[in-house]
2 protein chains.
Amino acid sequence: MQGPVCPVPLRHDEQIVLGHGSGGSMTHNLVRNLFYAAFDNAPLLAGDDSALLDLPAGGRLALTTDSHIVAPLFFPGGDIGRLAVCGTVNDLAMVGARPLGLTAGFILEEGLLIATLQGVIESMRLAAEEAGIRILAGDTKVVERGKGDGLFINTSGLGWVPPGREISGKNAQPGDAVLLTGPIGDHGIAVLTARGGLALESDVLSDVAPLNRLVEALLSSEPEVHVLRDPTRGGVATALNEIARQSGVAIQLDETGIPVNPCVESACELLGLDPLYVANEGKALIVLPEARAEAAIKVLRSLRYGEGSVQIGVVRAGPAGRVLMRTAIGGTRLVDTLAGEMLPRIC
Amino acid sequence: MQGPVCPVPLRHDEQIVLGHGSGGSMTHNLVRNLFYAAFDNAPLLAGDDSALLDLPAGGRLALTTDSHIVAPLFFPGGDIGRLAVCGTVNDLAMVGARPLGLTAGFILEEGLLIATLQGVIESMRLAAEEAGIRILAGDTKVVERGKGDGLFINTSGLGWVPPGREISGKNAQPGDAVLLTGPIGDHGIAVLTARGGLALESDVLSDVAPLNRLVEALLSSEPEVHVLRDPTRGGVATALNEIARQSGVAIQLDETGIPVNPCVESACELLGLDPLYVANEGKALIVLPEARAEAAIKVLRSLRYGEGSVQIGVVRAGPAGRVLMRTAIGGTRLVDTLAGEMLPRIC
């Protein structure tokens, strides 16, 4: 869930629309109005990718959940199974937690082919193996034809944060550097490409990947990391806005420094999308003292899934809660949170 | 998930049918063929209501997950929100775990009324308060109209099992007594009643309730409990078959001793249902040494949700894996696991 924004009251007779699932400000508003109001507790309201619980013996437990509804189920570079494992593994990694185990809850639609389910489970098995995590508990429900969409998967994750790690969206400080582990928008564009009916053909593969080993290696050589966040729904722009708000700082980006694969760039131009708002599933934003940026990038580039790491910006004292971008032509523009839905059912 | 049964191979071109979600032998078979084969690890394969992880500092962590797809969302005595909290709290309680926190993953269908969602969340809040548990993490996704059914909720739960508690479906022993905390079938019949189109009117309320305080109080005075299980999907018959199989024992029931509310009994007669297979959401089966049965029943009857506790059977050495019932007219019949789907979308 996301950090504090000013909630706009919801009307009782309002209906859920796709934008409520965008991960942007409509989602924030729904979550703040309904969920935070009802389930008012510190670990939830912290607004990080996993909730944290102190352990009497040292360290903390991290707990997170994600439901996956991506359409189609299979897309270039991945499928809902790999996504379900990686999404939750990454939410644990983003608070510095070592994954202890996952749960998997399946909602199947009557008529789903067993072979499809088998393919998805095989992907989950491989992704779990790659991440070194076990799926410890599961549940299977079936809904009638027309009451679901093939297959939805919820994965919840449990992890352990070693003592001394204090990674949170609220810890960005003026003078920090903002790093990104590679080019943006691959996942969103790959899923779009996989949907029929779009005049779009591309060779873009989803970047969906488990980042826990990369994070663990980074933290062992650069323990001073302040913030980690994976820019999924709502993209880099929304994730950075969350961090800026949680920490009460400004983040200053440089447009020319943000890596975008040429195929993603041309697909975005064609579709009128801004890659800053397109979902990633195998990238991390890293905030740490600028003095450590170069060393961190060197480590990251030596690691799988970190080869394309670069610095994309810096943290400033103000304007608090804002993300600003120096554009390629020398101006400065405000980079806002995604409002409604841009690409529904991307994860 | 459920304990070992002999899996019948699935064909690749087979399709998912409602019976795969019944909680009975079709569900077992799907789980064994696909999930256990892919995610082969001891805590998962233990087949109890929560997976258990050893803690270095003593005790164990319990992890469980459940997706809730009940239709309709509101029914006499409860709703999907109360069900989602209680179902997962009870899965933790059934391994003797004290709940530490829940996660909640929502899949909303476009067009759902905010007021409906608000009502459900308020129920979750009240149930969590009653159980003394916090909802620590959440996720919200939205699917297009016609790709869901109003609202599905996954809840996953984390709990702590104090050192010394060894409660598992595999621990039933010959000479144990089988207790039940009250009359059966209320939840299933209440949900059926709430569905339009059935020539059925009744005053039956769902028994949906959090059992963690009852279990905690029982265990503090009767620590020798061997097995706890909540007879949800598939009912008491399926839950007892799971225990008989996991422990390699026989369970002998006495038909006249199994409590059924008169309204539930007449609804079951009308619909041709056997209450032994109808879901409960606020009852527990308790297996413990027969010498402790009377004292345990006394404790249970003094507790909320335990007022109707009785002994319903005993554990015998064999025939291993079987549940037998002495019928009201003096014969003995085999009580089998639920096969396919009897009442779809009951939880």
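The values are calculated or read from the model by the stated rules, or taken from the named source; none is laboratory data. No experiment lies behind these values; they were computed from the predicted model shown. FYI the Cβ positions are ideal-geometry reconstructions off the backbone, even for glycines, and counts take in every protein chain you see. Only protein heavy atoms, including side chains, enter the accessible area calculation; ligands, DNA and RNA are left aside. Shrake-Rupley method; radii C 1.70, N 1.55, O 1.52, S 1.80 Å.
Tell me, yes or no, whether the stretch A:223-237 has at least one residue that is more than 15 Å from the chain's Cα centre (by Cα), farther than 16 Å from A:L179 by Cα, open to solvent by 50 Å² or more (accessible area, probe 1.4 Å) and modelled with pLDDT of 95 or more. Checked the stretch A:223-237: no residue is more than 15 Å from the chain's Cα centre (by Cα), farther than 16 Å from A:L179 by Cα, open to solvent by 50 Å² or more (accessible area, probe 1.4 Å) and modelled with pLDDT of 95 or more.
Number of residues in the stretch B:115-132 that are farther than 13 Å from B:G81 by Cα and within 10 Å of chain A (Cβ to nearest Cβ): the value is 1. Can you name the residue in the stretch A:138-154 that is under 20 Å from B:Y36 (Cβ atoms) and at the interface with chain B (Cβ under 7 Å from one of its Cβ atoms) and is also nearest to the chain's Cα centre (by Cα) among such residues? This residue is A:N154. Residues in the stretch B:39-87 that are among the β-branched types (V, I, T) and either open to solvent by 20 Å² or more (accessible area, probe 1.4 Å) or assigned to a helix (DSSP H, G or I) (or both) were compared, and the one that is farthest from B:G101 (Cα to Cα) is B:I80. The strands (runs of 3 or more DSSP E) found wholly in the stretch B:130-203 and carrying at least 2 residues that are aliphatic (A, V, I, L, M) and under 22 Å from A:S156 (Cβ atoms) occupy B:135-143, B:151-161.
Yes/no per residue for (1) more than 9 Å from chain A (Cβ to nearest Cβ); (2) among the small types (G, A, S); (3) in contact with a strand residue (DSSP E or B) (Cβ under 6 Å, 6 or more places away or on another chain):
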| position | (1), (2), (3) |
| --- | --- |
| B:L136 | no, no, yes |
| B:S156 | no, yes, yes |
| B:R165 | yes, no, no |
| B:S168 | yes, yes, no |
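One residue alone among B:A296, B:A267, B:A284, B:A317 is within 18 Å of the chain's Cα centre (by Cα) and not basic (K, R), and that residue is B:A284.
A single member of A:S206, A:S202, A:S156 is in contact (Cβ under 8 Å) with a residue 24 or more places away in the chain and surrounded by fewer than 24 Cβ atoms within 10 Å (Cβ to Cβ), and it is A:S202.
For A:R32, the stated conditions do not hold, so it cannot be described as more than 7 Å from chain B (Cβ to nearest Cβ), modelled with pLDDT of 85 or more, surrounded by fewer than 24 Cβ atoms within 10 Å (Cβ to Cβ) and more than 16 Å from the chain's Cα centre (by Cα). The single condition from (1) more than 7 Å from chain A (Cβ to nearest Cβ); (2) modelled with pLDDT of 75 or more; (3) under 19 Å from B:P231 (Cβ atoms) that B:D66 fails is (1). Across the stretch A:119-133, the qualifying residues are those that are of a type in the set (D, E, K, R) and either touching a residue at least 60 places away in the same chain (Cβ under 8 Å) or touching a helix residue (DSSP H, G or I) at 6+ places or on another chain (Cβ under 7 Å) (or both), and the one among them that is nearest to B:P43 (Cα to Cα) is A:R125.
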